[in-house]
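What follows is a short report on a single structure.
Taken together, the values in this text are just the output of simple stated rules run on the coordinates, not laboratory data. Owing to the predicted nature of the structure, the values given are computational and were not obtained by experimental measurement. Cβ: placed from backbone, ideal geometry, glycine included. Neighbour counts: every protein chain shown.
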Amino acid sequence: MQKTNRDAIVIIISLIVFIVLSYFFIYPKISDLREKNYNLALKKDELKKTQEHLTSLKELAPKFDRKKDDLNALEEALPYGDGTEDLVSFLESAAKDKGLAILSITPQTLDEDSTESVETTPSGFKIAKIKSEVSLTGSYPALKGYLELLEGARKIINVSGLSISSAAGTLNPGNLVITMSLSSYYLNNL
């Protein structure tokens, strides 16, 4: 009987040791495993949301590219900042391309107080006007090509006056002397 009591005591002590070990070693591991599973589920949800967001961004990319082309065209038509240098450069290169010689370009930025010079946009920009006087010399077909190039340009250019006279008495008597009054526009921050 003593052996069975001893066996029962060993079994009871073993159970107590197992329960104590379980409480101090196994239970924390199980709790840690549950917490890791919970964090893993949160990370999976976060990853799923990120993938959905990435998919929506990929769907928007082609639309953005189309809008980017529109924005570039708008920036060419209505450049930011004082566009005088760009306008003069454009007028010179267009004249050279069409075989006209530039005698003079006189840009005149209008006063900011002038009602003709400024329109304010809802986003706080002002659209300012640059008026210029351009004197050229060349043939009538070259003038026609120059005007067509100005008309087809993305930059907004309005020709408000055109004066044509003979270049008789100059080095090229067959050519014309052309004087144009034109205006262009640019964006400026208030």
In degrees, nearest 10, the alpha-carbon axis of helix 2-21 is tilted away from the dominant principal axis of the alpha carbons of the chain by 20
Taking r as the C-beta separation of LEU15 and GLU35 and R0 as 25 Å, the FRET efficiency to the nearest 0.05 is 0.35
In degrees, nearest 10, the alpha-carbon axis of helix 140-152 is tilted away from the dominant principal axis of the alpha carbons of the chain by 30
In degrees, nearest 10, the alpha-carbon axis of helix 84-98 is tilted away from the dominant principal axis of the alpha carbons of the chain by 60
Full extension between LEU74 and LEU57 adds, at 0.36 nm per residue less the Cα distance, a length in nm of 3.7 nm
Label model pair LEU47, ASP97: point-to-point distance (7 angstrom along the Cα→beta-carbon line) in nm is 5.4
Compactness summary of region 1-77: radius of gyration and Dmax from Cα atoms, Å, are 31.8, 107
Distance in Å, no decimals, from the C-alpha centre of region 78-99 to the one of region 1-42 is 86
Length gained if SER163 through SER104 is fully extended, taking 0.36 nm per residue and subtracting the Cα-Cα distance, is 19.8 nm
